[in-house]
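Remarks on the structure that follows.
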Amino acid sequence: MATLGIPAIGYGIRYDYGIFYQSIENGFQVEKPDLWLRYGNPWDIVRPKIQYNVPFYGHSDVYHDESGKVRFKWKDTHDVRAVAYDTPIPGYKNDVVNHLRLWRATSASSIDLKSFNQGQYIDAVRDTQLNENISRVLYPNDKIFVGQELRLKQEYFLVASSLQDILSRFIKGNSDWRKLPEKVAIQCNDTHPNLAIPELMRFLVDEQGLEWDTAWDITVKTLAYTNHTILPEALEKWPVSLLRNLLPRHLQIIYEINRRFLQSASAKIGDDKGKISRISIVGEGENPVVHMAHLGIVGTHKINGVAALHSDLIKKTLFKDFYDLYPERFTNKTNGVTPRRWLRQCNRQLADLYTEKIGEDWITNLSDLKKIEKFIDDKSFMKEFVRIKLENKKKLAEYIKAHNDVDVDPESMFDIQIKRIHEYKRQFMLTLYAITQYNKLKKNPDLDVAPRTIILGGKAAPGYTMAKLFIKLMNDVGEKINNDPDVNTKLKFLFLENYSVTLAEKMIPAADLSEQISTAGFEASGTGNMKFALNGALTIGTLDGANVEIQEEVGEENIFIFGNTVEDVELLRHEGYNPWEFYSNDSELKKALDQIRDGYFNDDSSLYTPIIDSILNRGDYFLVLADFGAYVKEQAKVDELFKNKDEWFRKALLNSVRVGKFSSDRTIADYAEEIWGVDVKQD
Ligand SMILES: *Cc1c(COP(=O)(O)O)cnc(C)c1O
């Protein structure tokens with residue numbers, strides 16, 4: 001947004017502890033606290049005068065104002081103070097600087113004076129500590145909802161402080177709240193900030209005395225919501241009991257929003273009880289919950305998915321009933337990545353090679369890279385392109401030697417899968433492939449395969465047992481393969497500790513092959529896929545998320561697409577998928593699974609029972625076995641192509657220069673024009 005010259009603020013929480021540091025001990029993930037502020041942070045600009053109160057608990061009182069109107073007031077709250085810390089976000093060489101504003105939690109008064117006067121000094125100071133816990137630590141979960149009160153406090157803390165900041169800025173230059181949607185756009189990143197809907201209503205109705213309908217019109221027009229997943233276990237559903245205690249007035253407002261919504265919906269869809277209950281914001285039953293995605297659709301003017309396939313899917317499945325009611329609210333904004341970090345900074349030699357040929361406009365207009373295509377038959381240019389990739393691979397090889405003490409051949413194919421560890425992302429499928437290749441090479445060490453270095457990395461959510469077991473398995477498989485002289489000139493298998501942006505910047509420029517192998521329908525977009533292609537890796541992937549659009553851009557002859565499509569997956573499930581059939585009919589696959597089960601990779605043969613069990617006895621929900629055959633066949637094509645280096649690098653170049661669409665500049669310009677009503681001049 002800074003680079004496009006859009007005045008904007010990014011709001012978040014200034015956690016003491018961000019995402020944990022992942023260390024690998026005896027092959028297992030061990031989470032370590034990462035105290036990133038230990039030595040201070042030179043970019044921090046503390047704004048001690050920018051502070052807001054954030055109320056919690058208390059109760060909602062009803063009263064009559066002077067005109068006799070029924071009004072509500074949230075009273076007897078326990079207040080926490082939010083203090084602003086800014087980080088400047090400069091645009092690229094355009095003299096624009098936006099800010100990231102992060103809130104730190106502290107006590108409203110440094111000690112609770114009442115308790116202090118009673119001599120309860122320790123109690124008073126302990127309470128200030130409790131308040132500060134709100135910004136203590138980031139919940140490390142990925143695509144899983146954990147309904148803890150502290151997390152709900154964090155979400156309201158973010159929303160309440162950010163909205164006060166936005167609204168106080170607006171009212172300095174304006175007098176009519178009805179102008180708010182013309183001056184302000186608020187984009188909610190997932191449902192986590194969706195309490196902004198009842199909070200803005202509470203502010204306008206309770207504090208500013210606006211009529212409900214006027215306030216509602218302002219709220220809906222100001223806010224928009226981006227959906228990031230359709231995984232049911234990831235969708236936020238807050239227990240009504242938690243909300244009633246922590247945010248009693250917001251719960252009332254949510255009930256009123258829902259009452260009016262269901263009333264207007266039944267006017268359109270009639271008395272269909274099943275449908276009405278499906279779309280309700282508040283779930284029924286013994287332990288009712290507030291469905292934050294439903295709130296996000298009802299309370300905002302635009303809802304978007306993050307790739308074309310995903311945006312289409314939410315209209316047809318997850319939010320179909322809502323799409324029928326509000327078709328004009330649903331839109332797509334395909335994700336993008338910034339060319340400054342993901343090419344110019346992380347791969348400076350390639351960036352400079354491109355600039356030397358076409359000038360530097362591509363840095364802010366990534367589609368310009370297509371002008372590079374005409375150099376594809378220029379031998380000295382291609383030689384340089386190949387040399388840069390090799391040099392990036394040598395640097396990564398040095399890193400691997402230093403950190404994993406394994407020698408890898410920079411001339412081998414660097415086959416990389418880096419992303420959070422999740423069953424739907426199917427790191428297990430790549431692991432199975434490596435095992436079958438290992439077995440083949442073990443049987444026939446002279447097998448004519450392109451030497452491959454398979455490299456994985458990624459953090460598992462601390463409570464996700466299966467994902468953590470995958471990490472142990474990957475480390476055990478690597479141990480076996482890398483120490484076997486029969487195969488280890490042709491195959492290596494590595495798991496790199498503590499995958500992070502810093503590590504991604506080293507790995508992605510060194511990749512030949514990008515693994516994007518999620519079960520079709522489960523990866524909303526992916527952005528790793530874009531970073532790899534931009535740096536000249538070929539993709540092996542399913543027709544999922546943004547892979548679909550990457551194929552459209554690079555051409556189907558320049559990408560390795562395999563496996564069941566979204567439609568196939570639906571059909572397969574409908575007809576009754578049986579993983580045992582695939583197990584029995586593929587002897588190489590069977591052998592690999594048997595080896596994992598029987599202790600070939602670990603003396604404790606029961607260690608991997610949960611993995612085998614989920615695949616064979618619990619229905620293999622993510623269809624690893626159903627896609628495995630197609631995956632191995634596609635990998636054989638990859639192997640063949642890599643033996644022909646000229647052909648490989650032609651395709652690698654075409655990937656790099658044809659993915660201009662996936663610039664975050666294009667993404668942000670689309671949000672600006674189609675959701676925020678902001679004009680962007682694009683060249
Ligand atoms: C880009 C990126 C991701 C997202 O990767 P996907 O493959 O799209 O899941 C995750 N973590 C880091 C550190 C990244 O840089």
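Residue 477 satisfies every condition listed in (1) crowded, with 24+ Cβ neighbours inside 10 Å; (2) under 27 Å from the mean Cα position of the chain (by Cα) except (2).
The helices (runs of 4 or more DSSP H) located wholly in region 522-632 that include 1 or more residues which are within 16 Å of the ligand (Cβ to nearest atom) occupy 528-534, 547-554.
Could you go through region 424-431 and let me know if any residue there is more than 16 Å from the ligand (Cβ to nearest atom), assigned to a helix (DSSP H, G or I) and surrounded by 22 or more Cβ atoms within 10 Å (Cβ to Cβ). Don't jump to the end; show me each part of the working.
First pass over region 424-431, keeping only residues more than 16 Å from the ligand (Cβ to nearest atom): 431.
Remaining after also requiring assigned to a helix (DSSP H, G or I): 431.
Next cut, surrounded by 22 or more Cβ atoms within 10 Å (Cβ to Cβ) only: 431.
Yes: one or more hits.
Go through region 626-639 and count every residue that is without any contact (Cβ under 8 Å) to a residue 40 or more places away in the chain and surrounded by 14 or more Cβ atoms within 10 Å (Cβ to Cβ). Spell out the reasoning first.
Step one: list which residues in region 626-639 are without any contact (Cβ under 8 Å) to a residue 40 or more places away in the chain, which gives 636.
Keeping just the survivors that are surrounded by 14 or more Cβ atoms within 10 Å (Cβ to Cβ) gives none.
So the count comes out to 0.
Would you call residue 652 assigned by TED's automatic domain parsing to the domain that holds residue 436, out of contact with any Phe, Trp or Tyr (no Cβ under 6 Å at 6 or more places or on another chain) and surrounded by fewer than 20 Cβ atoms within 10 Å (Cβ to Cβ)? Spell out how you get there, then give the answer.
Details: assigned by TED's automatic domain parsing to the domain that holds residue 436: yes; out of contact with any Phe, Trp or Tyr (no Cβ under 6 Å at 6 or more places or on another chain): yes; surrounded by fewer than 20 Cβ atoms within 10 Å (Cβ to Cβ): no.
Against the criterion (assigned by TED's automatic domain parsing to the domain that holds residue 436, out of contact with any Phe, Trp or Tyr (no Cβ under 6 Å at 6 or more places or on another chain) and surrounded by fewer than 20 Cβ atoms within 10 Å (Cβ to Cβ)), residue 652 does not qualify.
Identify, from the list 67, 107, the residue that is surrounded by 17 or more Cβ atoms within 10 Å (Cβ to Cβ), hydroxyl-bearing (Ser, Thr, Tyr) and modelled with pLDDT under 95. None of the others qualify; the one that does is 107.
Consider region 328-365. How many of its residues are more than 16 Å from the ligand (Cβ to nearest atom) and among the small types (Gly, Ala, Ser)?
We begin by selecting, within region 328-365, every residue more than 16 Å from the ligand (Cβ to nearest atom); these are 328-332, 348-365.
Within this subset, residues satisfying the condition of being among the small types (Gly, Ala, Ser) are 351, 359.
So the count comes out to 2.
Between 492, 472, the distinction of being closer than 30 Å to residue 594 by Cα, crowded, with 23+ Cβ neighbours inside 10 Å, basic (Lys, Arg) and modelled with pLDDT of 95 or more belongs to 492 only.
Would you mind listing the strands (runs of 3 or more DSSP E) fully within region 287-394 where at least 1 residues are of a type in the set (A, V, I, L, M, F, W, C) and free of Cβ contacts under 8 Å to residues at least 12 places away in the same chain?
Numbers: elements: 289-291, 302-305, 330-332.
Passing ranges: none, list empty.
Quick one: in region 462-518, of everything that is more than 13 Å from the ligand (Cβ to nearest atom) and of a type in the set (Val, Ile, Thr), which residue is farthest from residue 628 (Cα to Cα)? Looking at the filtered set, the residue picked out is 489.
Suppose we filter 313, 353, 369 for residues that are outside the structural domain of residue 635 (by TED's automatic domain parsing), touching a helix residue (DSSP H, G or I) at 6+ places or on another chain (Cβ under 8 Å) and farther than 30 Å from residue 24 by Cα; which single one remains? Selected residue: 313, the only one of 313, 353, 369 that is outside the structural domain of residue 635 (by TED's automatic domain parsing), touching a helix residue (DSSP H, G or I) at 6+ places or on another chain (Cβ under 8 Å) and farther than 30 Å from residue 24 by Cα.
Note on region 19-64: residues that are surrounded by fewer than 17 Cβ atoms within 10 Å (Cβ to Cβ) and in a loop (DSSP other than H, G, I, E, B) total 13.
Hey, does region 170-182 have a residue that's closer than 30 Å to residue 461 by Cα and outside any helix (DSSP H, G or I)?
First, pick out the residues of region 170-182 that are closer than 30 Å to residue 461 by Cα: none.
Checked region 170-182: no residue is closer than 30 Å to residue 461 by Cα and outside any helix (DSSP H, G or I).
The values are calculated or read from the model by the stated rules, or taken from the named source; none is laboratory data. Here the structure is a predicted model, which is why all the values come from computation and not from measurement. Note: ideal-geometry Cβ built from the backbone for every residue, glycine included; neighbour counts use all protein chains shown.
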